[in-house]
Amino acid sequence: MDQRELIPHLFRAEFRKIVTVLSKLFGIEHIETAEDIASETFLSALETWTFNGIPKNPTAWLYTVAKNKAKNCILRNELFAGKIVSQLPPSSEGHEIEIDLSSKNISDSQLQMLFAVCHPAISIEAQISLALRILCGFGIDEIATALLTNKEVVNKRLFRAKEKLRLENVKIEFPREAEINQRLENVLTTLYLLFNEGYYSESQDSVLRSDLCHEAMRLTYLLVENEPTSQPEVNALFALMCFHASRFKARQNEKGEMVLYQNQDETLWDQELISRGGYYLHRASQGSKLSKYHIEASIAYWHTIKEDTKAKWENILVLFNQLLQIEYSPIAALNRTYSLSKVNGKNEAIHEAEKLKLVNNHFYFTLLGELYTDVDNLKAKINYQKAFRLAKTETDKLTIQERINKL
């Protein structure tokens, strides 16, 4: 890997680690200082490596430079001198400031930061933006693209969120044992939505942002591997992500266009991820609580079985019925109607779908178009045309137009 590839790769992998460790050290009110030090570290790498070549251990080089910059910042900043230096453990020499960038402290700091940025004092949109910036190393442009907004909105959102966390005096630490379950719910919601931002991407460039999905999976796995947070619903959410991720390669064709479930090449499905999902879904079965993540993971599991049998769709329909009882959402109700059509026929499914009246949602009209196909092709075409007008991406429009052309 040459320098042009290595630095962006290391930035994505190591920027977030440096920022979380230093933010924990400085306090959440000084996240910008931690980000500045991390950015300056990579600028130094770009300048130095261009002339001297890539060091034997680039990551170790980055950590050494980041530590030195952090120490210099602490020593020259009077604000830090009283507050931070007294809290830092001395090195073995007894006079040097020691900054811990060990694997364990990085992992612990990222977990603690995850709870901090998912604090209920700030909005879900702000939580996702902060997670992308601090815990995933995304640039402002990347966050704006991922969340279908602009740089100005992202910068304002991040500034307000950081200010709110500062005013609330939020600590970068693990919640007390009695608070973990309550705080965990907020964290899981953010990770679930982050995954969905990638899985149901409305970016003009891609119907699937696998980078967002993989970041959500990485952060969820941190929770799975940490005993106090490895709760059944955490394992269920990770299983759900594994099942969905197993079909990534089959979900897009070589042109980047979406491939519908029934047309996917199952030989492209990742059997290792399916097995992994099964393992974590089994782990999630411990305990008595049934969360929406358990049910959605079970639905996703049935979608890893390609055979189009009535028994499969009956199981999926039962699961959707349970999901809607636990947490009703119009989109889940809409998705339920497809399994209903497989079990009880299209006419009943059309009747149920039209009750939802999701007239601003192109998926609603797309599904109605499919349900009406071969029942009333004129109505199918009308619904597809409505879906086409509402679709936000060129890929979605192409997919809908192909369906219209087949009528």
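The values are calculated or read from the model by the stated rules, or taken from the named source; none is laboratory data. Remember, it's a predicted structure, so these values are computed and weren't measured experimentally. Please note: Cβ atoms are built from the backbone with ideal geometry, for glycine as well, and neighbour counts cover all protein chains shown. Accessible surface areas use protein heavy atoms only, side chains included; no ligands, DNA or RNA. Shrake-Rupley method; radii C 1.70, N 1.55, O 1.52, S 1.80 Å.
Listed values, structure above:
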quantity: Protection-proxy order for peptides 112-118, 166-172, each taking the mean of Cβ atoms within 10 Å per residue, highest first; calculated: 112-118, 166-172
quantity: Relative contact order of the stretch 105-220, pairs being alpha-carbon contacts under 8 Å that are 6 or more residues apart, as %; calculated: 30 percent
quantity: Protein accessible area in the chain, 1.4 Å probe - carbon and sulfur %; calculated: 50 percent
quantity: Gain in span if fully extended, N347 to T189, counting 0.36 nm per residue against the direct Cα distance; calculated: 53.4 nm
quantity: Added length on full extension, which subtracts the Cα-Cα distance from 0.36 nm per residue, R176 to E257; calculated: 24.5 nm
quantity: Virtual spin-label span in nm between E394 and K71, 7 Å along Cα→Cβ; calculated: 5.3 nm
quantity: Positive-end extreme of charge dipole, the chain - chosen from L356, L240, Q252 (charges on Cβ); calculated: L356
quantity: Cleavage-rule hits, trypsin sites (Lys or Arg not before Pro), the stretch 225-321, DSSP coil, Cβ neighbours within 10 Å at most 10; calculated: K255
quantity: Pairwise label distance in nanometres, Q401 with T59, each label 7 Å out on the Cα-Cβ vector; calculated: 4.6 nm
quantity: Helix-only CD estimate at 222 nm, as mean residue ellipticity for the chain, using -39500 (n - 2.57) per DSSP H run (n ≥ 4); calculated: -22000 deg cm²/dmol
quantity: Two-site label geometry, F51 and N105: point separation in nm, points 7 Å out along Cα→Cβ; calculated: 3.1 nm
quantity: Gained length - H214 relative to Y279, 0.36 nm times residue gap less alpha-carbon distance; calculated: 21.6 nm
quantity: Neighbourhood charge, 11 Å Cβ-Cβ cut-off, centred on R160 and excluding it, Lys, Arg +1 and Asp, Glu -1; calculated: +3
quantity: Unit Cα scatterers, Debye sum, the chain: log10 I(q)/I(0) for q = 0.06, 0.08, 0.14 Å⁻¹; calculated: -0.30, -0.52, -1.31
quantity: Degrees between helix 292-302 axis and first principal axis of the chain (Cα, 0 to 90, nearest 10); calculated: 60 degrees
quantity: Mean Cα-pair separation over length for the stretch 161-281, i.e. relative contact order, pairs under 8 Å, 6 or more apart, %; calculated: 20 percent
quantity: Accessible area in square angstrom per residue, the stretch 269-407, 1.4 angstrom probe; calculated: 55 Å²
quantity: All-pairs Cα distance distribution in the stretch 238-305, expressed in whole percent, bin size 5 Å; calculated: 4, 19, 27, 20, 14, 9, 5, 2, 1, 0
quantity: Kirkwood Rh, Cα atoms: Rg over Rh of the stretch 301-407; calculated: 0.98
quantity: Cα gyration tensor shape for the stretch 151-236, rounded if a/c is under 1.5, else prolate or oblate; calculated: oblate
quantity: Efficiency of FRET between L148 and K355 - r from beta-carbon atoms, R0 30 angstrom, step 0.05; calculated: 0.55
quantity: The chain, relative contact order in percent, only Cα pairs under 8 angstrom and at least six apart counted; calculated: 11 percent
